[in-house]
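Student: The structure's right below; bear with me while I get my questions together.
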């Protein structure tokens, strides 16, 4: 269960930069942190070990009264987003301590979690790359259908996990082994090599691995 | 978007001369072979400039031993040592793909009139 430390951020977009050896690298720009620690959970009182981190300041009118009470304990103001990261030894962090991009170093490999772009209700050809049927040669009404979904009386049901049409995207996706190209501490920005799940301005969690 | 512009701004090059489609240029490329580094020159006509920020490119076409050769260079690449503007050409469009279908005398570009 134990994860490694990370911070929350927003995906700003993608661009291309030139690395120190001159090669062009496609990077995703993530504006991350600073994330104050709001609460440290421990096994005795909470039943599990974790740190609770917050991101993006919120106005008072956008927070609920219980949330205001919770944030008041940390004394760092009000925030829009709260996430918990399960750690083996969260006791080394104090409430109110700020986590910034300086947590990471250029060249390090990280895990990035986000919510993928929602694609709506999609057929099997787009969602699962099925081949579909013929357009001609007597083919009727089934041009983009998935074909058979199982057998007969035996087994008598459609197997669980059968790939069919349905809602695609808008789900939690984690990409591992993304290399950090650059850290810009003055702007709270991380440049990650390659793509990151989610739309622009989507909330992402960048973790060590 | 301002953050992206700022990051890209640090990687842009402003030291190259202003050249256009139709111009004849010498591109001095830095080529790294193991430890050594040397300069290779590619001379030809610019047939396309794809502008943009760090992703911008330009295409140079030359005819080498009767074979047309085109190379696409990133506009802001550190591998480009320098670009020399040899002659400015008089052309009426920005994408000179028609040169690919022409040979010999017909494939020439008139130099720009300078009054």
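Student: Let me know the mean shielding of A:178-185 by other chains, meaning the per-residue number of their Cβ atoms within 10 Å of its Cβ.
Tutor: Mean inter-chain Cβ contacts per residue within 10 Å come to 1.
Student: How high is the relative contact order of the range A:129-173, in percent, with contacts defined as C-alpha pairs under 8 Å that are six or more residues apart?
Tutor: 25 percent
Student: Output the Cα-based Rg and Dmax of the range A:46-109 in Å, rounding Rg to one decimal and Dmax to a whole number.
Tutor: Looking at the range A:46-109, its Cα Rg and Dmax stand at 13.7, 42 Å.
Student: May I pose another question? Give the angle, between 0 and 90 degrees and rounded to the nearest 10, that separates the Cα long axis of helix B:2-11 from the longest principal axis of the Cα atoms of chain B.
Tutor: 70 degrees
Student: Arrange A:167, B:76 by Cβ neighbour counts within 10 Å, fewest through most, would you?
Tutor: Fewest-to-most ranking of A:167, B:76: A:167, B:76.
Student: Give the order of A:127, B:90 when sorted by the count of other beta carbons within 10 angstrom, beginning with the fewest.
Tutor: B:90, A:127
Student: Volume per residue, Å³, of the convex hull around the alpha-carbon atoms of chain B?
Tutor: It is 141 Å³ per residue.
Student: Out of every Cα-Cα pair in chain A, what percent are more than 28 Å apart?
Tutor: 47 percent
Student: Which residues does a label at residue A:48 reach in the range A:84-121, if reach means a backbone N under 15 Å from a point 7 Å past the Cα toward the Cβ?
Tutor: Label zone hits: A:84-90.
Student: For residue A:174 and residue A:102, calculate 0.36 nm times their separation in residues minus their Cα-Cα distance, and state this gained length in nm to one decimal.
Tutor: 23.8 nm
Student: To one decimal place, what Kirkwood hydrodynamic radius in Å is obtained for the range B:17-75 from all pairs of distinct Cα atoms?
Tutor: Result for the range B:17-75 stands at 12.4 Å.
Student: For peptide B:4-17, what's the mean number of Cβ atoms from other chains within 10 Å of each residue's Cβ?
Tutor: 3
Student: If you find the alpha carbon centre of the range A:165-209 and of the range A:105-146, how far apart are they in angstrom?
Tutor: 21 Å
Student: In nm, to one decimal, how far is the modelled label at residue A:141 from the one at residue A:209, with both set 7 Å along Cα→Cβ?
Tutor: Using points 7 Å along Cα→Cβ, the separation is 4.7 nm.
Student: Let me ask another. Rounding to the nearest 10 and keeping the result within 0 to 90°, find how far the Cα-based axis of helix A:65-74 lies from the longest principal axis of chain A.
Tutor: Taking the Cα atoms of chain A, the angle to A:65-74 is about 50 degrees.
FYI, it's all coordinate maths here, none of it is from the lab. Keep in mind that what you see is a predicted model, and the values were worked out from it rather than measured. We place every Cβ from the backbone using ideal geometry, glycine too, and count neighbours over all the protein chains shown.
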